Amino acid sequence: MEHSNINLNLKVWRQKNAQDTGKFETYKAENISTEMSFLEMFDVVNEKLINEGQDPIAFDHDCREGICGMCSMHINGRAHGPWDGTTTCQLHMRAFKDGETVTVEPWRASAFPVLKDLVVDRSAFDRIQQAGGYVSVNTGNAQDGNALPINKELADASFDAAMCIGCGACVAACKNSSAMLFTSAKVSQYALLPQGEPERKTRVLNMVAQMDKEGFGACTNTGACEAECPKEISISNIARLNREYLSAQLSL
Amino acid sequence: MAINNRIPAGELAQKWSTYKSTCKLVNPANKRSIDIIVVGTGLAGASAAATLAELGYNVKTFCFQDSGRRAHSIAAQGGINAAKNYQNDGDSVYRLFYDTIKGGDYRAREANVHRLAEVSGNIIDQCVAQGVPFAREYGGLLSNRSFGGTQVQRTFYAAGQTGQQLLLGAYSAQMRQVSIGAIKEYNRHEMLDVVTIDGKARGIIARNLVTGEIERHGAHAVLLCTGGYGNVFFLSTNAMGSNVTAAWKAHKKGAMFGNPCFTQIHPTCIPVSGDHQSKLTLMSESLRNDGRIWVPKKQNDTRKAFDIPEEERDYYLERRYPAFGNLVPRDVASRAAKERCDAGYGVGTSKMAVYLDFASAIKRYGKIEATKQGLANASEDEIIKMGKQVVKEKYGNLFEMYAKITGEDPYTVPMRIYPAVHYTMGGLWVDYELMTNVPGLYALGEANFSDHGANRLGASALMQGLADGYFVIPYTIGNYLADEIRTPKIDVNQKAFDDAEKEVKDRISHFMNNKGTKSVDYFHKKLGLIMWDKCGMARNAEGLKQAIQEIRVLREEFWNEVRVPGSADSLNPELDKAGRVADFLELGELMCMDALNREESCGGHFREEHQTEEGEALRHDDKFMYVSCWENKGNYQWELHKEDLVYDVIHPSQRNYK
């Protein structure tokens, strides 16, 4: 692949801790190979900051292959940056032009408080999962895996929802900071499978209640979540959640 | 030190069932007053934590990520093996056991591996019951595919995200226990020491990575489910945060390290593109079901892949290993790629890559599709279009990932791949009960050395992690804890905790006050290069001796020259990295010592001095049929103990995939 080196101006959100008000700082990213990933570009900038005796920019990252859901940068106004269906760690510098100014912010949502610089606290997602994102089956109780055939289309649709990596881009993209795409993906995964059936109603009610309790906003169907989701989780899951929720409420 | 692996007596196939029905039990009331710490929340940690909490124990989980769901098991792509024989193609518990022992080049314990094969089927059942959306056939039943080193289809999968789906299943079980208070989570926490009292593991020292606070946690047993140490090479397929620190601290507190030099180099990874590279990305082994690996027959061929005619291509795996072809085990495939590249047949700008080509699979699937749809006169273009669609359904996410990283379209241009560090078969030595030689301290999953010998077969890591967590530890831990029911809650205000905490704090303050000039990564990258060049895919005595010297020099420089910015009482990723690299700098030396000691080739450990005329690994069973168990004597001194491997059922032979 053809590649070149580019220079960028970075405007990065710096915030010492949760109490600090925070502000943008500008940095130069020089001699950046277009073959680098966006996070590798940050590695280069940080290495320079360290060598100059400054505090490097804190950001969350781990697997760097688009699956752990840890990376979480809001780049030029888009969650995970300009490429569709891509996490920050899989975004490559080919996406940028020489001389461009790139603005990088943390996820912005009251339910995701900033811990430092670009690092936010997403433990609210864990608590939504704890409210019902499971099948209550203890280890050792299972019947044979093939005892219950499952329609392939339903299994595939369940998988498509289960691909959610829990990164929080949907919340960051939403003007209401709603967590509906995340919650609906988990609700859908189980609602589509026979294993999810026994707890189907309590699950959706409890998970939605927890979501509201965490301070996520309401869903107004703008579709920003689906557009920004790095795993392209469909907004039709939200419609399914709404149906599940309604029918669960009606049958109470 | 006498080595006791506590393998139960009796016939191999009966050992586990006999053990289960005779081991000691802890009654439900007593379980409620027993505390267990689980460090790491990957497949092994999450499954163990959930299962132990279900049984009634009080569990605390620790992970350095912001959520348990992010552990690196999540990145496993291809699948999980199980001896279900759903495909009616001759699979059985014995055959999975046999393939795993043979794949490991006869350096694993028979009893452990047989148990693994026995429980493999239960894992699939359990995951299905949890709502893991495995791939299915149109009839609604579970689908299988093939992985390397086997001739049956026993790999269950969820597209290219099997690890993610299995981990989220285990994580959901864990979250369920958190919701009822049976598990207390400590995320963004890193374990920095094990605390032992009267020789038994009684707790840990952990650092809250957000506040920097040093915490003490006591427990009746400590489980390390902290993964492998491939990041000692800096570049690997591991996550950036994957590290050896928890296992290494345990090692320094007396736990032996088993077979540290056994490293798996995975044959199909995206090649290194430049100095900036921070990690390497795997292209799943499942791709070798359909992709054909080749290089040009002519040395230094600079033509594009497309311009090289069929008869000028060398499908070297199919040529050398006709019986297994592109699905030979990983160690064999990696060495074969290295051999071709070293001999000047490599492709791409660096010449350190080979092709993984889907053109013939695309055509084959396209023709099947055309037949299915009754299109007798489909054109070549139509066939290719349909074939690409089938390949997309099977491997779409992997192809996309490849395209994003390289900027090339693998549907039209063959992938360029090269081997990269992926997994470590070595790890903390454990007995049959998964306990290290420190009573009360266990190691599960990749963190232990136990089941894969000198080479792990594809789709067996997920199997082992979940086997250990769901089906082994719930039984074996009871056998130990039954004698601990009179031990009251562990008081963390004891001297052993004071001492361990002081050591942790002293080390942190050294880092913060060291007025060095070089970043942590500077040292990590240097260490990685030494390890890759001299303790990587091929090793020799001279190189290993040099590596040991170089690591010692580098380690000294690290302690004098490392610069850690920021403060110790806030979120400080550089400080976290400094501690991890300090431990890698010790582990690296031990890996080289182990590789130097093992004067034979086996599995992923290839000593250039020991190869057959055809360049295959040459074992010396008369001298090295043992597990190397290294005891830390302090001051960078180690003593080697040997656990002899006894083969009662399988007769070790030269591995043959031809």
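The values are calculated or read from the model by the stated rules, or taken from the named source; none is laboratory data. All values reported here derive from a predicted model rather than from experimental measurement. Backbone-built Cβ (ideal geometry, glycine too); neighbour counts: all protein chains shown.
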| query | Among the residues of segment A:166-177, is any within 7 Å of chain B (Cβ to nearest Cβ) and either in contact (Cβ under 8 Å) with a residue 60 or more places away in the chain or closer than 26 Å to B:Gly139 by Cα (or both)? | reply | yes
| request: Working only within segment B:87-110, note down all residues that are more than 19 Å from the chain's Cα centre (by Cα) and buried (at least 22 other Cβ atoms within 10 Å of the Cβ). | output: B:Asp91
| query | Is there a residue in segment B:177-184 that is surrounded by fewer than 24 Cβ atoms within 10 Å (Cβ to Cβ), more than 11 Å from every other protein chain (Cβ to nearest Cβ) and at pLDDT 95 or above? | reply | yes
| task | Can you confirm whether segment B:501-515 contains a residue that is closer than 30 Å to B:Cys269 by Cβ, in contact with a strand residue (DSSP E or B) (Cβ under 9 Å, 6 or more places away or on another chain) and either touching a residue at least 40 places away in the same chain (Cβ under 8 Å) or of a type in the set (Ser, Thr, Tyr) (or both)? | result | no
| Of all residues in segment B:583-618 being touching a residue at least 40 places away in the same chain (Cβ under 8 Å) and of a type in the set (S, T, N, Q), the one that is surrounded by the most Cβ atoms within 10 Å (Cβ to Cβ) | B:Asn597
| field | Extreme residue, farthest from B:Val646 (Cα to Cα), among residues of segment B:404-437 that are small (Gly, Ala, Ser) and at pLDDT 95 or above | value | B:Ala420
| query | Say we look at segment B:124-137 and pick out the residues that are at the interface with chain A (Cβ under 7 Å from one of its Cβ atoms) and among the aliphatic types (A, V, I, L, M); which of these is nearest to A:Ala157 (Cα to Cα)? | reply | B:Val128
| field | Among (1) out of contact with any strand residue (DSSP E or B) (no Cβ under 7 Å at 6 or more places or on another chain); (2) of a type in the set (A, V, I, L, M); (3) part of a loop (DSSP other than H, G, I, E, B); (4) more than 14 Å from every other protein chain (Cβ to nearest Cβ), the one test that B:Ala255 misses | value | (1)
| said: Of everything in segment A:30-68, what is more than 21 Å from the chain's Cα centre (by Cα), touching a residue at least 24 places away in the same chain (Cβ under 8 Å) and facing chain B (nearest Cβ under 7 Å)? Give them in sequence order. | reply: A:Ser33, A:Glu35, A:Met36
| Which number in (1) within 14 Å of chain A (Cβ to nearest Cβ); (2) not in a loop (DSSP other than H, G, I, E, B) marks the one condition that B:His276 misses? | (2)
| Complete set of residues in segment A:189-203 that are more than 13 Å from A:Gly132 (Cβ to Cβ) and either away from chain B (no Cβ under 11 Å) or touching a helix residue (DSSP H, G or I) at 6+ places or on another chain (Cβ under 7 Å) (or both) | A:Leu192, A:Leu193, A:Gln195
| task | Tell me which of these A:Ser136 doesn't satisfy, since it passes every other one: (1) over 17 Å from A:Cys68 (Cα atoms); (2) more than 7 Å from chain B (Cβ to nearest Cβ). | result | (2)
| query | Here are some conditions: (1) over 30 Å from B:Gly241 (Cβ atoms); (2) within 14 Å of chain A (Cβ to nearest Cβ); (3) buried (at least 24 other Cβ atoms within 10 Å of the Cβ). B:Gly121 meets all but one. Which one does it not meet? | reply | (3)
| query | Going by the conditions given, is A:Ile67 touching a helix residue (DSSP H, G or I) at 6+ places or on another chain (Cβ under 8 Å), at pLDDT 95 or above, within 29 Å of B:Arg416 (Cβ to Cβ) and surrounded by fewer than 21 Cβ atoms within 10 Å (Cβ to Cβ)? | reply | no
| Restricting the search to segment B:377-410, which residues are of a type in the set (A, V, I, L, M, F, W, C) and within 14 Å of chain A (Cβ to nearest Cβ)? | B:Leu398, B:Phe399, B:Met401, B:Ala403, B:Ile405
| task | For segment B:82-101, state whether one or more residues are in a loop (DSSP other than H, G, I, E, B) and closer than 29 Å to B:Thr281 by Cβ. | result | yes
| Subset of segment A:82-108 that is surrounded by 24 or more Cβ atoms within 10 Å (Cβ to Cβ) and more than 7 Å from chain B (Cβ to nearest Cβ) - its residue that is farthest from A:Ala29 (Cα to Cα) | A:Trp107
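Yes/no per residue for (1) outside any helix (DSSP H, G or I); (2) away from chain A (no Cβ under 14 Å):
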| site | (1), (2) |
| --- | --- |
| B:Leu356 | yes, yes |
| B:Lys363 | no, yes |
| B:Gly366 | no, yes |
| B:Leu375 | yes, yes |
| B:Thr412 | yes, no |
| task | Write out, first by first residue and then by second, each pair whose Cβ atoms fall under 8 Å of each other, whose residues are 6+ apart or on separate chains, and whose first residue, in segment B:301-315, is closer than 12 Å to B:Val354 by Cα while the second is among the β-branched types (Val, Ile, Thr) and not in a loop (DSSP other than H, G, I, E, B). | result | B:Arg313/B:Val295; B:Asp314/B:Val295; B:Tyr315/B:Ile293
| query | Does segment A:72-81 hold any residues that are crowded, with 21+ Cβ neighbours inside 10 Å and more than 10 Å from chain B (Cβ to nearest Cβ), and which are they? | reply | A:Met73, A:His74, A:Ala79, A:His80, A:Gly81
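Per-residue answers, yes or no, for (1) surrounded by fewer than 18 Cβ atoms within 10 Å (Cβ to Cβ); (2) within 14 Å of another protein chain (Cβ to nearest Cβ); (3) not in a helix (DSSP H, G or I):
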position: B:Pro419; (1), (2), (3): no, no, yes
position: B:Asp431; (1), (2), (3): no, no, yes
position: B:Gly458; (1), (2), (3): no, no, yes
position: B:Gln464; (1), (2), (3): no, no, no
position: B:Asp499; (1), (2), (3): yes, no, no
| task | Select from segment B:316-334 the residues that are of a type in the set (Gly, Ala, Ser), touching a residue at least 12 places away in the same chain (Cβ under 8 Å) and in a helix (DSSP H, G or I) and list them in ascending order. | result | B:Ala333, B:Ser334
| query | Within segment A:177-252, which helices (runs of 4 or more DSSP H) (wholly inside it) include 1 or more residues that are among the hydroxyl-bearing types (Ser, Thr, Tyr) and surrounded by fewer than 21 Cβ atoms within 10 Å (Cβ to Cβ)? | reply | A:200-213, A:236-250
| query | Which of the residues spanning segment A:109-133 are out of contact with any helix residue (DSSP H, G or I) (no Cβ under 6 Å at 6 or more places or on another chain) and more than 9 Å from every other protein chain (Cβ to nearest Cβ)? | reply | A:Ser110, A:Phe112, A:Pro113, A:Val114, A:Leu118, A:Ala124
